[in-house]
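Below you'll find the structure, written out as structure tokens, and then a few comments.
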Amino acid sequence: AQSVAQPEDQVNVAEGNPLTVKCTYSVSGNPYLFWYVQYPNRGLQFLLKYITGDNLVKGSYGFEAEFNKSQTSFHLKKPSALVSDSALYFCAVRDDSGTYKYIFGTGTRLKVLA
Amino acid sequence: DTGVSQDPRHKITKRGQNVTFRCDPISEHNRLYWYRQTLGQGPEFLTYFQNEAQLEKSRLLSDRFSAERPKGSFSTLEIQRTEQGDSAMYLCASSPGLAGNEQYFGPGTRLTVT
């Protein structure tokens with residue numbers, strides 16, 4: 001069965017510092033991995049995805065994520081955090097077995113302090 | 001492209017009543033998903049459609065829940081005999097037909113069962 005874990009409920013970081021939001025996954029086949037962001041009173045927005053190819057993927061708003069197959073991780077990163085990055089971040093996964101069912105993590109609240 | 005829309009945005013109902021929500025996906029997207037999200041949790045998969053076919057339904061979904069996508073365009077989610085535990089945000093998302101594509105989410109319908 002597919003599963004996703006986001007071990008941190010909240011991450012605090014000072015503006016201008018690098019940030020990391022952690023995600024680990026479990027799938028039976030090859031993973032398709034996604035990050036979404038949710039701002040207050042708004043729908044989830046897609047940030048980036050890993051399907052195949054380079055382990056480092058770049059996405060919207062300067063975010064990037066690194067796929068690590070041996071550690072089954074897909075951590076979200078940004079070199080320099082902005083106050084406007086404060087939001088709720090979700091990792092999601094599905095496998096390549098033919099189902100299009102996605103499993104989401106419980107979310108990590110990112111708080112960037114000015 | 002006006003994005004994914006959902007109607008209504010908010011619904012308050014009394015326990016035992018039936019409710020129906022509507023989702024209009026992005027027009028060229030052939031996959032449509034329903035999720036439920038409660039406070040502090042990530043989106044929980046309910047069901048998905050490819051065109052008009054309902055391909056997968058969560059085992060967590062009781063038989064009080066039913067979803068349709070009769071012409072492969074808009075979809076409805078009905079909850080019969082609502083219970084207080086049904087109170088949640090109901091999210092709809094759509095996606096193009098290719099395997100690795102991300103989902104586009106609507107703003108959600110917040111259901112409160114009193």
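The values are calculated or read from the model by the stated rules, or taken from the named source; none is laboratory data. Given the structure is predicted, the values throughout are model-derived calculations rather than measurements. Cβ placement follows ideal geometry from the backbone for every residue including glycine, while neighbour counts extend to all protein chains displayed. Only protein heavy atoms, including side chains, enter the accessible area calculation; ligands, DNA and RNA are left aside. Shrake-Rupley method; radii C 1.70, N 1.55, O 1.52, S 1.80 Å.
One residue stands out in region B:48-62 among those that are at pLDDT 90 or above and away from chain A (no Cβ under 11 Å): the one that is least open to solvent (accessible area, probe 1.4 Å), namely B:ALA53. The residue that is nearest to the other protein chains (Cβ to nearest Cβ), among those in region B:14-32 that are closer than 18 Å to B:ARG64 by Cα and open to solvent by less than 50 Å² (accessible area, probe 1.4 Å), is B:PHE21.
Within region B:73-85, residues that are of a type in the set (Lys, Arg) reach partners that are open to solvent by less than 60 Å² (accessible area, probe 1.4 Å) with beta carbons closer than 8 Å, at six or more positions or on different chains, in the pairs B:ARG81/B:GLY16; B:ARG81/B:ARG64. Please specify each residue of region A:28-46 satisfying the condition of being closer than 30 Å to A:ASP96 by Cβ, within 14 Å of another protein chain (Cβ to nearest Cβ) and in contact (Cβ under 8 Å) with a residue 40 or more places away in the chain. Residues satisfying the conditions are A:GLY29, A:ASN30, A:PRO31, A:TYR32, A:LEU33, A:PHE34, A:TRP35, A:TYR36, A:VAL37, A:GLN38, A:LEU44. Assessment of region A:49-72 against the conditions (within 11 Å of another protein chain (Cβ to nearest Cβ), open to solvent by 50 Å² or more (accessible area, probe 1.4 Å) and within 12 Å of the chain's Cα centre (by Cα)) yields at least one matching residue. For region B:72-88, check the following and say yes or no: at least one residue is surrounded by 16 or more Cβ atoms within 10 Å (Cβ to Cβ), under 29 Å from A:LEU48 (Cα atoms) and more than 12 Å from the chain's Cα centre (by Cα). The answer is no, given that none of the residues of region B:72-88 is surrounded by 16 or more Cβ atoms within 10 Å (Cβ to Cβ), under 29 Å from A:LEU48 (Cα atoms) and more than 12 Å from the chain's Cα centre (by Cα). Kindly establish whether B:PHE21 is in contact with a Ser or Thr (Cβ under 7 Å, 6 or more places away or on another chain), in a strand (DSSP E or B) and within 18 Å of B:ARG81 (Cα to Cα). It is true that B:PHE21 is in contact with a Ser or Thr (Cβ under 7 Å, 6 or more places away or on another chain), in a strand (DSSP E or B) and within 18 Å of B:ARG81 (Cα to Cα).
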